[in-house]
1. Towards the positive end of the charge dipole of the range 92-163, with charges on Cβ (+1 Lys, Arg; -1 Asp, Glu), say which of A124, M160, P139 has the farthest Cα.
2. Sort out for me the Cα centre separation of the range 15-38 from the range 100-143, rounded to whole Å.
3. Between T134, T121, T21, which gets the highest mean-square fluctuation from a Gaussian network model of the chain, Cα cutoff 10 Å?
4. How far, in nm, would the chain grow between T70 and A156 when pulled straight, counting 0.36 nm per residue and subtracting the alpha carbon separation?
5. To the nearest whole percent, what portion of all C-alpha pairs in the range 6-56 is separated by more than 18 angstrom?
6. How large is the helix-only mean residue ellipticity at 222 nm for the chain, computed as the sum of -39500 (n - 2.57) over DSSP H runs with n ≥ 4, divided by its residue count, in deg cm²/dmol to the nearest 500?
7. Which peptide among 144-150, 59-65 comes first, and what is the full order, when sorted by highest mean count of other Cβ atoms within 10 Å?
8. With all protein chains present, how much of the accessible area of the chain (probe radius 1.4 Å) comes from carbon and sulfur, to the nearest whole percent?
Amino acid sequence: MENKVGLAIRELHRAENDLATELLQASSRHRADHDIFYLGRDLAAWSQDHVRELAAHGKNYGVELSPEPTEEPGLLATFRQLGAELIGGHHDPALLLLKDLREIHRKAAGVSLDWEVLAQTAQALKDSELLTLTKACHPQTLRQLRWANASVKTNAAQIMVTP
């Protein structure tokens, strides 16, 4: 049976995978915007690194996790999703960008909270290895969150007022 720390590591592993996938999908959808495309990929790589680190450390708590991050959706899956979004009313690429940035922000905020919980747990358990991991990874998640927030601020007004 998995202990509470193992469950927290498993949940953070899942959340980091989700964040990486969201960043990669947004990057692919908005490849014409070079900042979104290249920064999205760089930021996704951080989450993918976190997935590998969590998988390695999870073993200390009896948790078997895949060290390989979730793959970026294939071209066909991306086209299917884009088609569904167009049918669903997100036909304006600018609105889709705003939607994607909001989703990245939400996911990064959740991941950040998970890192905070794990850091507090590591301190209480005096697990220096786990604490070192949280100190290495959490600041990168905070940078992902700040980037998403700044991107929303930079783009929101123009997206919302432009016909």
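The values are calculated or read from the model by the stated rules, or taken from the named source; none is laboratory data. Small disclaimer: the values here were computed from a predicted structure and weren't measured. All Cβ positions, glycine included, derive from the backbone under ideal geometry; neighbour counts span all protein chains shown. With ligands, DNA and RNA removed, areas are computed over all heavy atoms of the protein, side chains included. Shrake-Rupley method; radii C 1.70, N 1.55, O 1.52, S 1.80 Å.
1. M160
2. 20
3. Taking springs between Cα atoms under 10 Å, the residue moving most is T121.
4. Values: separation 86, 0.36 × 86 = 30.96 nm, distance 2.96 nm.
Net length gain for the segment: 28.0 nm.
5. Details: 430 of 1275 pairs.
Considering the range 6-56, 34 percent of its Cα-Cα pairs are separated by more than 18 Å.
6. Details: 5 runs with 131 residues, N = 163.
About -28500 deg cm²/dmol.
7. On the way: 144-150: 18.9, 59-65: 14.7.
For the peptides 144-150, 59-65, the packing ranking is 144-150, 59-65.
8. On the way: 5380 of 9120 Å².
Answer for the chain is 59 percent, counting heavy atoms of protein chains only.
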